[in-house]
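One structure is given here, and the rest of the page talks about it.
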Amino acid sequence: MRIVVIGGSGHIGTFLVPRLVRLGHQVVNVSRGQRASYVEDPAWHEVQHVVADRVAEDADGTFPDRIADLGGDAVVDLISFTLDSEKALVDRLRGATGHLLYCGSIWRHGPSLKLPVTEDDPTPPVGEYGTQKAATTRMLEQETASGGLVTTSVHPGHIVGPGWTPIGPLGNIDPTVWRTLSAGDVLVIPGIGAELMHHVHADDVAQVFELALTQRDAAAGQAFTAVAPSALTVRGYCHIAASWFGQTENLRTVSWPEFQAVTSPDAYEMSWGHLDRSHYASIQKARTLLGYAPSYEPEAAILESVRWLVDHGRLEVANPIIA
C-alpha cells in the first residue's frame, strides 16, 4: 500500500514508519520537518517526506486537500488533537482513501471507576484534551458504522522510549525525581502510593497501528487500547526505579495540598492529571481481534528511556544504573 503518516517523525512514527517500510509499503511522512526521528533506521532512506504545518493549514482549510492529494491507500493520523480538525479530514478523505487510522489517548477515559478500563466501558473524560479525544473517537466510530470512511482509532497509554523523558513515578516529568531515587533520598509522594499509571513503549503502539493497517476488516470501526501488559502503582514504580541504581526507595506520603506546596505548578498539575485518573487499561480487545503481543513490560520500557537519557547526558543521577 501507499501509506501517508501524518506526524511520522514523532514518538510513534519513529517506530511505525520503519515497520511499514520493511513490510514493503510505500510510506509518505508528513511533518513540519523540524526534527529527525528519535531512532536512526536505514528504512528512513526509502520514505518520501512532505513538509507541512498542520496548525496553519487547518486554520486556512488547506490541510485535508494536501493529505488527499498524496493519494494514500491508507492515512495514519498521529497528531490530531481536536474534533474539528479530524472531522475536516474525514470529510475530505471519504471516498478518496481506503482507511483512516487515528491516534487517540487513554485519556479519552476519565478517572477510573472499574479496572481494567475497556474500550467499550469508558468513564466520562475530564479536561479539554481527553474530551476532544473521546469526541473524535465517537465521531469516527459513527462515520464507519453509517457506511462512510473506514476508520480505526488507537489509544496509547503514557508513551516511553529512547530519546524523550518518560512520565516519572510522581506522574510528571520533573527530572529531580530520578536524582532523588538514585541517591536513596526521601521522596515526597502525594496520596497513598497506590495510584496507577499505564505506560507503553512507542514500538508497541506502532505494532497496534501496523496490525490494524494489515487487518483492515478486523479493525474497521473499532477503537483499540495500546498499553503494556501491566500497569505500575506509584509505590511500585518508585521501588523498581530505585533498584536500577542499587537503592531502596525512601518514601514519605503527604496530602495533595502538602504536595502542591513543595511542587511547581506545572509539575503539580501534571501529577494530578495522571494520578487522579489512576488508569489501568485492558488490551484484551487488541489481543483478540488483532493479535497484539506487546514486547515491553512498563518497567522495561521506562528503563530503556532513562538509560538513554543518562547515557546522552540529558539526565543527572546520583549513582550509575546497575540494572
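Every read-out reported here was derived from the displayed coordinates using simple, explicitly stated rules and does not represent laboratory data. Bear in mind the structure is a predicted one, so any value in this text is a computation, not a measurement. Counting neighbours? That spans all protein chains shown, and the Cβs are built from the backbone with ideal geometry, glycine included.
Values for this structure:
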quantity	calculated
The chain, relative contact order [Cα under 8 Å, separation at least 6], %	19
Debye, to nearest 20: dipole size of the chain, +1 on Lys, Arg Cβ, -1 on Asp, Glu Cβ	360
Rg/Rh (Cα only; Kirkwood hydrodynamic radius) as it applies to region 226-323	1.02
Convex hull (Cα only) mean projected area of region 1-118, reported in nm² to one decimal	8.6
From the coordinates shown, Kirkwood radius over Cα pairs in Å corresponds to which of (1) 24.3; (2) 20.4; (3) 19.8	(2)
Antiparallel %, DSSP beta bridges [both residues in the chain], to 5	5
Charge tally in the Cβ shell below 13 Å around Val27, where Lys, Arg are +1 and Asp, Glu are -1, Val27 excluded	-1
Cβ-based net charge around Gln247, under 13 Å, with every Lys or Arg adding one and every Asp or Glu removing one	-1
Top positive-direction residue, dipole computed over the chain with Cβ charges, set Leu113, Val30, Val306	Leu113
5 Å-binned pair-distance histogram of region 16-61 (Cα, whole percent)	5, 20, 26, 22, 12, 9, 6, 0
Built amide H within the under 5 Å cut-off of His158, gap 5+	His198, His199, Val200
Qualifying trypsin sites (Lys or Arg not before Pro) for region 59-156 [loop in DSSP, other Cβ within 10 Å: at most 12]	Lys114
Placed amide H near Tyr102: partners under 5 Å, 5+ positions off or other chain	Asp77, Thr152, Ser153, Val154
Whole-number percent relative contact order across region 1-52, with pairs defined as alpha carbons under 8 Å at least 6 apart	40
